Every structure is written in C-alpha cells, then in structure tokens.
Amino acid sequence: MLSNIRIVMINTFHPGNIGAAARAMKNMGLSELVLVEPRLFPDPEASSRAASATDLLDNARIVSSLSEAIADCPLVIGASARSRSFPWPMLDAEQCATKAVAESAQGPVAIVFGRERMGLHNDELMQCHFHVAIPSNPDSPVLNVSSAIQVICYEIWKTQLSNENEPETLEYPTQQQMENFYQHLEQTLEQVGFLIPQHPGKTMTKLRRLFNRTRPETMELNMLRGILSAIGRDKT
Ligand code: SAH
C-alpha cells in the first residue's frame, strides 16, 4: 500500500535535498518520488546524500508541472509551514499520515513539497485537498524540505505499523476529474449569468474550497456533472 503514496518535490534547488529525501523515504518504506522540474538532477550530491536509496533516484519520475505529477490522484496533500490568507482545510502530520495510508488502499496519494526558498504557491496549494503543517516552534517553523519529508514519512510508517486503519471503501474522483468538473461548473455559471467573466472575483476559489471540504465521491461528482449538462441543454 505504501507504494501508492508518492512524494512530489517542486523545483528543488539543492540536489542534496533530493538525495536526503530519497533516503528518508526508503528508511520509512516509501518508494515513489516525483520531481517537478528540479534545478539540477541527476547530480553526484543527490546520489551521495541518498546513501543506500539511490534506487529511488534511479526510478524517480521527472515531470514538467504539478498537474502532471498528481493528475491520477484521488487524494493530494500539500505541505507548507505557512498559514495562508485564504485558509485551506488543515491537517497535522499524524492526521496526514492517517488519511494517506487509509486512502492508499483505493488509489495513488500525493504529498507535495515546495521550493526551498519560495515554498508552495497559492495556485499549487489550491490543487491540493488538504494543507498539512508540521507543528513546530512558532519562532522558527520552517524545516528543511528533506526534514519535512522525513517527518511525514515517519508518521506514515507509524500509521502503517499500527495497522488499525479500516481501508476506505468509498471511491473518489481523481484530481484531473475534479479539474474537469471545475471547468464545467465555471462555464455553466458564466452561461447562466452568475459569473461575469470580466469580474470573476473569488467565486471559483470559494467553490473549490467548498468541494474540497465535502470531497464528493465519484458517483456524486457524476451526478453534479449531469446537473450541469442538463442546465447547458436547457439554455441552448
Ligand atoms: N520559505 C518557504 C519555506 C520553504 S521550506 C516558505 O515560506 O514557504 C520547503 C518546503 O518544506 C515547504 O514548501 C514545505 O513543503 C516543507 N516544509 C517546511 N517546513 C514545514 C512545516 N513546518 N510543515 C509542513 N511542511 C513544511
């Protein structure tokens, strides 16, 4: 099941951090590493910091965008130390592990980590269902990215060991299916005159947050798509 949990690193600056992350993952039984446009990779510094985990580096998938890294994932969690002006549903490290392990029985789960300097951009966090923040000293809350990965992977390993989680039986849509739904919703809201394309405001962001919180199942999302199609037919 842990092979269904992937760690995604965005635009990593120091190759050593990629190596340290691979080692942290392997220590805790994880193997799927996806790199979104790393600055320098492969690199000897990454290999030396990976120690015995160079196989994870060899098998790492390199992609050109976050959407590509998570398109097939029904659950995506973004890691950030910062609280946001537009708050997203929050998890601590343990809750993140519980969710990730439970849902990995159903499909791939992505946990996304940001850049060393700039972290995660808001539009990247908006592609995640949850925001995980590792509780830390408010005077110095930001961990090195590979240390943050270590903490999250450790919690996942502990959760897996305790093995008390009932596997989830519900089926959830993938991130790509959610994006298609948001596009359909936006088009329909424009068509019925609720959204004015020149003045969209924060409506779509608020709707995304609403659907993130409720997490429609695949069957429910199909029903919503059906409703939108029926509205579309009515107007044409
Ligand atoms: N200066 C950046 C910090 C980046 S640290 C910022 O302001 O966001 C690099 C990455 O490590 C972050 O994007 C996040 O994914 C992870 N990280 C660091 N500290 C964390 C914490 N306390 N909780 C969750 N993730 C953290």
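The values are calculated or read from the model by the stated rules, or taken from the named source; none is laboratory data. On a predicted model such as this, the values are computed, not experimentally measured, just so you know. Every residue, glycine among them, receives a Cβ derived from its backbone with ideal geometry; neighbour counts consider all protein chains shown. These accessible areas exclude ligands, DNA and RNA; they are computed on the full protein's heavy atoms, side chains included. Shrake-Rupley method; radii C 1.70, N 1.55, O 1.52, S 1.80 Å.
You will find that of 92, 72, 43, the residue that is within 16 Å of the ligand (Cβ to nearest atom) and of a type in the set (D, E, K, R) is 92 and no other. Across region 102-115, the number of residues qualifying as closer than 19 Å to residue 21 by Cβ and either near the ligand (Cβ under 9 Å from one of its atoms) or of a type in the set (A, V, I, L, M, F, W, C) (or both) comes to 7. Does residue 56 satisfy the condition of being in contact (Cβ under 8 Å) with a residue 24 or more places away in the chain and open to solvent by less than 20 Å² (accessible area, probe 1.4 Å)? The answer is yes for residue 56.
Screening 188, 174 for residues that are surrounded by 16 or more Cβ atoms within 10 Å (Cβ to Cβ), in contact with an Asp or Glu (Cβ under 7 Å, 6 or more places away or on another chain) and not basic (Lys, Arg) leaves exactly one candidate, 174.
Residues that are assigned by TED's automatic domain parsing to the domain that holds residue 84, within 16 Å of the ligand (Cβ to nearest atom), under 20 Å from residue 24 (Cβ atoms) and at pLDDT 95 or above: does region 155-178 have at least one? Yes: one or more hits.
On the basis of being surrounded by fewer than 16 Cβ atoms within 10 Å (Cβ to Cβ), outside the structural domain of residue 10 (by TED's automatic domain parsing), of a type in the set (Val, Ile, Thr) and assigned to a helix (DSSP H, G or I), does residue 205 make the cut? It is true that residue 205 is surrounded by fewer than 16 Cβ atoms within 10 Å (Cβ to Cβ), outside the structural domain of residue 10 (by TED's automatic domain parsing), of a type in the set (Val, Ile, Thr) and assigned to a helix (DSSP H, G or I).
In this structure, is residue 67 of a type in the set (S, T, N, Q), open to solvent by 30 Å² or more (accessible area, probe 1.4 Å) and either in contact (Cβ under 8 Å) with a residue 24 or more places away in the chain or away from the ligand (no atom under 16 Å from the Cβ) (or both)? Considered against the rule, which asks whether it is of a type in the set (S, T, N, Q), open to solvent by 30 Å² or more (accessible area, probe 1.4 Å) and either in contact (Cβ under 8 Å) with a residue 24 or more places away in the chain or away from the ligand (no atom under 16 Å from the Cβ) (or both), residue 67 comes out as yes. Within the set 109, 101, the sole residue that is buried (at least 17 other Cβ atoms within 10 Å of the Cβ), among the β-branched types (Val, Ile, Thr), closer than 17 Å to residue 3 by Cβ and touching a Cys at 6+ places or on another chain (Cβ under 7 Å) turns out to be 109.
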